[in-house]
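Some notes on the structure that comes next.
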Amino acid sequence: MGLKVFIVEDQFIEANDLKLILESAGHSVCGIAKSVDAALDLLATVRPDIVLLDIFLKGTKTGIDLAPVLAEAKIPFIYISANSDPATLDAAKTTRPDGFLVKPFKKQDILVALDIAIYRYQYATEQAHLQVHEAQAAGRRKPKEFSDIIGSSDKLLQALELVSQVAPLDTTVLILGETGVGKEGIAKAIHQISRRKHKPLIKVNCAAIPPGLIESELFGHEKGAFSGASERRIGKFEQAQGGSIFLDEIGEMPLETQTKLLRVIQEKELERIGGRSTIKLDIRIIAATNRNLYKEVGAGKFRIDLYYRINVFSITLPPLRERVEDIPELADYFLKKHARLSQNLPKKIEPAALVKLQKYAWPGNIRELENVIERQIILTPASVISGFDLPEGQSGFDSNFPMKPDNQKHLILSALAQSNGKVSGKGGAAELLNMPAPTLVSKMKRLGISWRFVSG
């Protein structure tokens, strides 16, 4: 069914070309305006399904000035502009558009952008209801279905709550976070509690596949399609039929492949390389990246239409330095895991060594923590690990990754608990935290940690 489209464009030829493209595709144009003021006058009399909005218009106001009005009226909109420099993209991003087209564009670009925008808009209200606010964090408990995910910090539980909400749907999910925070684990959780759980979850590491092979890896090829293609190959998308495909490190995908991926996502079908038949797809797409894709778009390294197509529902995983309260549980898990793998009895970690783990900034996140613990298991013949060999310059409250007050408070309380409430002297919390006792007392006062609370 066609859409009612409103065009805000100050160039007559471009506005007319847009009108012809839209009408030839079965859509209708309910108005054309050259300025923000003219657009406001027309919008008082018509209610479009979507607006194509140029940024630079006649008069002093820009499309970015009109965007809040459209948002307030709950009318989706797509920016169209010849100017895609980072500053313009940053200003446009703050208005939360449903798409962005860079001039010059082709007919198919317009139609794909419309489809993406409407797709995103259909989930916008639902997503707003599902967003979890910091104020709702208190009293959360991790659902049983996430028993394989270690930790119970507020920020982790916020992410898991979003997983619970989006998993039953077929919405495309983009998982964001630094390297090593556990994005693959979240992708598995989404799949495992979805209606597709009895079908495959196929993982693709986009950064690990050579550019010349990625299309064959994703979409497959027919025998003889190119030199060396001695037999038919079924691609990852076909392997995921009925299930989910996890595109890890999607920000590393070459631009040419991004174009073909967009078509596959949009059309829900593919052709193998060298093939003549179209294969229909029934899959759910989960993507992940440690990059800022919006900045990649501004730098010309990532297609903006693909960005909007995969960023329908995003989940951000916190770095380990923002969930230090999970470190003891993670450490215990890795101790038992690697003891089991090496057929040794599980080891324990001395309280002072555990505090040291909590003070470290963990630039490599959970993956680095596991590597450190595995190494120390090998190096420690005794049943108790008394210390860890950690890089210098990445620990303490004044590191390159400064801890938030909540994390400082947790770390101090943990040290006080392990020292039986002793602040100074041998084995005291100050010694465990490697700071002067007066400094610790000052921090305790600033963070509201009272002696009665600690000793009780």
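Couple of notes before you dig in:
- Pick from region 443-456, criterion surrounded by 12 or more Cβ atoms within 10 Å (Cβ to Cβ) and of a type outside the set (Phe, Trp, Tyr), ranking: modelled with the lowest pLDDT: Val454
- Region 65-88, residues that are part of a helix (DSSP H, G or I), touching a residue at least 12 places away in the same chain (Cβ under 8 Å) and surrounded by fewer than 21 Cβ atoms within 10 Å (Cβ to Cβ): Asp65, Pro68, Val69, Ala71, Pro86, Thr88
- Condition check for Ala137: surrounded by 16 or more Cβ atoms within 10 Å (Cβ to Cβ), at pLDDT below 90 and under 30 Å from Gly177 (Cβ atoms): no
Residues are listed down the side, and each one gets a yes or a no for (1) charged (D, E, K, R); (2) within 23 Å of the chain's Cα centre (by Cα):
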position: Leu70; (1), (2): no, no
position: Ala82; (1), (2): no, no
position: Ala87; (1), (2): no, yes
position: Asp90; (1), (2): yes, yes
position: Gly99; (1), (2): no, yes
position: Val102; (1), (2): no, no
position: Lys106; (1), (2): yes, no
position: Leu111; (1), (2): no, no
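- Checking Pro318 against (1) part of a helix (DSSP H, G or I); (2) under 30 Å from Ala417 (Cα atoms), the condition it does not meet: (1)
- Filter pass, Ile366 being touching a His at 6+ places or on another chain (Cβ under 9 Å) and part of a helix (DSSP H, G or I): no
- Filter pass, Asp170 being modelled with pLDDT of 60 or more, in contact with a helix residue (DSSP H, G or I) (Cβ under 8 Å, 6 or more places away or on another chain), surrounded by fewer than 21 Cβ atoms within 10 Å (Cβ to Cβ) and of a type outside the set (Val, Ile, Thr): no
- The set of residues from region 266-281 being in contact (Cβ under 8 Å) with a residue 12 or more places away in the chain and either more than 23 Å from the chain's Cα centre (by Cα) or crowded, with 17+ Cβ neighbours inside 10 Å (or both) comprises Gln266, Glu269, Leu270, Glu271, Arg272, Ile273, Gly274, Gly275, Ile279, Lys280, Leu281.
- Flag set for Phe6, criterion: over 27 Å from the mean Cα position of the chain (by Cα) and touching a residue at least 12 places away in the same chain (Cβ under 8 Å).
- Output for region 197-251, where each listed residue is within 27 Å of the chain's Cα centre (by Cα) and of a type in the set (S, T, N, Q): Asn205, Ser216, Gln239, Gln241, Ser244
- Residue match in region 219-230 (condition: touching a Leu at 6+ places or on another chain (Cβ under 7 Å) and among the polar types (S, T, N, Q)): no
- The condition (being more than 35 Å from the chain's Cα centre (by Cα) and either within 21 Å of Ala71 (Cβ to Cβ) or in a helix (DSSP H, G or I) (or both)) is satisfied by just one residue among Leu22, Leu18, Leu42: Leu42.
- Test: residue in region 297-309 that is among the acidic types (Asp, Glu), surrounded by fewer than 19 Cβ atoms within 10 Å (Cβ to Cβ) and assigned to a helix (DSSP H, G or I): no
- Leu20 satisfies every condition listed in (1) free of Cβ contacts under 8 Å to residues at least 12 places away in the same chain; (2) under 18 Å from Asp98 (Cβ atoms) except (2).
The values are calculated or read from the model by the stated rules, or taken from the named source; none is laboratory data. Source: prediction; values computed, not measured. Quick reminder, even Gly has a Cβ in these numbers, built from the backbone with ideal geometry, and neighbours come from all protein chains shown.
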